[in-house]
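Working notes for the structure below.
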Amino acid sequence: MSIFRNTVWFLKGMREYTASGYTAASAGFNQKDLDVNCEGRSYMITGCNSGIGKQTALEIGKRGGTVHMVCRNPETAKEARDELIKDTGNDKYHLHILDLSRPLEVASFVTKFSSVNGQLDVLVNNAGCMVNTRELTEEGLDKNFATNTLGTFLLTAGLAPLLERSLAPRVVTVSSGGMLVQKLDTVDLQAAKMAKYDGTMVYAQNKRQQVEMTEEWAKKYPKIHFSVMHPGWADTPAVRSAMPDFHAKMKDKLRTVDQGADTVVWLAISPVAASAPSGKFWQDRAEVAAHLPLAWTKTSQGERDEMMKVLEGMRSQFSD
């Protein structure tokens, strides 16, 4: 079955996820959707010192929004902030240093941010991690899981009360089309039982977890509009470093960073996006299926409940 999934997914990717796929899809875009004034709105973007996150911060800053940059590396983050202020003429970029793989730090950050800031309108969960060999954090967590799944969960759940105070709040999570080859594995959320650790597949499983979390969040927090999306195959620093072989083979077909960020920005600011159902999976400004046909990856409510129970337990364990 995995061979079938991978083959169908790759053929789909060559048709839809590449630069030519974006060109075809964008022919139907209404560019007026992004004619939005973001002044007076507050946006938090994780992992925005480069790539899609930085491009999203640029587009929001150009429209006058206040941007809270949540980054792990203080040096590259400061450089990115300086560049964004220069390129947009907007000085409302606020830098926060946070390692999402450290749950205690995430809990502490959420508490401090919520006490100091009275407003947050949009959270963009963009930060990601693809470690190709199994690494454990100081807390004994798989690093990919700690960053991509638990960190995203703790940040979103922790900031939900602040978001709920906003007018038309949103949460946008940047996932990956790679999750289409994965069925949610509630027995081994951290890939501890994997015979041979495969960082690419663990990352894809984490991204499946994000898609399932988003559906559950939409039910739990009806005041917030949730969406999760696939940016396509974009030429970003993260892809170059984490997937060098893929980048070398596909570099002439990859999307530009601004093409990859387009739907993130659209979901974060467009009135049209906010009118769509909450909790859905998106690609190129269109709601798309979160499962490949005949791939046997559908998730039961019981499986989602089991995953959320584990994550809530970890939230209690690592509460500030």
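Derivation of every value follows stated rules applied to the coordinates shown; laboratory data play no part. This one's a predicted model, so the numbers in the text were calculated from it and none came from an experiment. Reconstructed Cβ throughout: ideal geometry from the backbone, glycine too, with neighbour counts over all protein chains shown.
Some values worked out for this structure:
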read-out: Rel. contact order, % - alpha carbon contacts under 8 angstrom, at least six apart, the chain; value: 21
read-out: In sequence order, calculated HN-Hα J values of segment 47-52 (Karplus, 6.51, -1.76, 1.60; Hz; x Gly/Pro); value: x, 10, 8, 6, x, 5
read-out: 17 Å Cα-Cα reach of K86 towards lysines, excluding residues that sit fewer than 8 places from it in its own chain; value: K54, K62, K78
read-out: Most positive-pole-ward Cα, A295, G158, S101, against dipole of the chain from beta carbon charges; value: A295
read-out: 5 angstrom amide H check on H94, placed H, neighbours 5+ away; value: V67, H68, M69
read-out: Cα lying deepest toward the dipole's positive end in the chain, options V257, L11, A273, charges on Cβ; value: L11
read-out: Residue-wise HN-Hα coupling along segment 82-95, computed from phi with Karplus coefficients 6.51, -1.76, 1.60 (Hz; x: Gly, Pro); value: 4, 5, 5, 4, 5, 6, 9, x, 10, 9, 8, 10, 10, 9
read-out: Charge dipole magnitude, Cβ of K and R +1, D and E -1 - segment 167-218, Cα centre, debye nearest 20; value: 140
read-out: Furthest towards positive pole of dipole, V174, V116, T186, structure part segment 105-221, Cβ charges; value: V174
read-out: Charge dipole magnitude, Cβ of K and R +1, D and E -1 - segment 1-92, Cα centre, debye nearest 20; value: 320
read-out: Segment 98-119-segment 193-241 distance, computed between alpha-carbon centres (Å); value: 21
read-out: Theoretical gain in end-to-end length, D82 to F4 [0.36 nm per residue, Cα-Cα removed]; value: 23.4 nm
read-out: Projected label distance in nm at V288 and I97, using a 7 Å step from Cα toward the beta-carbon; value: 3.8
read-out: Segment 22-76: relative contact order as a whole-number percent, Cα under 8 Å and 6+ apart; value: 38
read-out: Charged-residue dipole, Cβ positions (Lys, Arg, Asp, Glu), segment 204-320 about Cα centre, Debye nearest 20; value: 80
read-out: Length gained when the stretch N37-K196 is fully extended (0.36 nm per residue, less Cα-Cα span); value: 52.3 nm
read-out: Cα Rg, Dmax (largest Cα-Cα span) when computed across segment 88-232, Å; value: 15.7, 51
read-out: Cβ-derived FRET efficiency at R0 22 Å, N73 paired with K223, nearest 0.05; value: 0.05
read-out: Full-extension gain in nm, E306 to A274, via 0.36 nm per residue minus C-alpha separation; value: 8.6 nm
read-out: For segment 195-320: relative contact order, % (alpha-carbon pairs under 8 angstrom, 6 or more apart); value: 28
read-out: Residue order, fewest to most beta carbons within 10 Å, for F281, F4; value: F4, F281
read-out: K280 long-range amide H proximity, modeled H, under 5 Å; value: V228
read-out: Amide H partners (placed H, <5 Å) of A234, local residues excluded; value: R255
read-out: ³J(HN,Hα), Karplus 6.51/-1.76/1.60, whole Hz, each residue of segment 175-189, x for Gly, Pro; value: 9, 7, x, x, 5, 5, 8, 10, 9, 3, 10, 7, 6, 9, 4
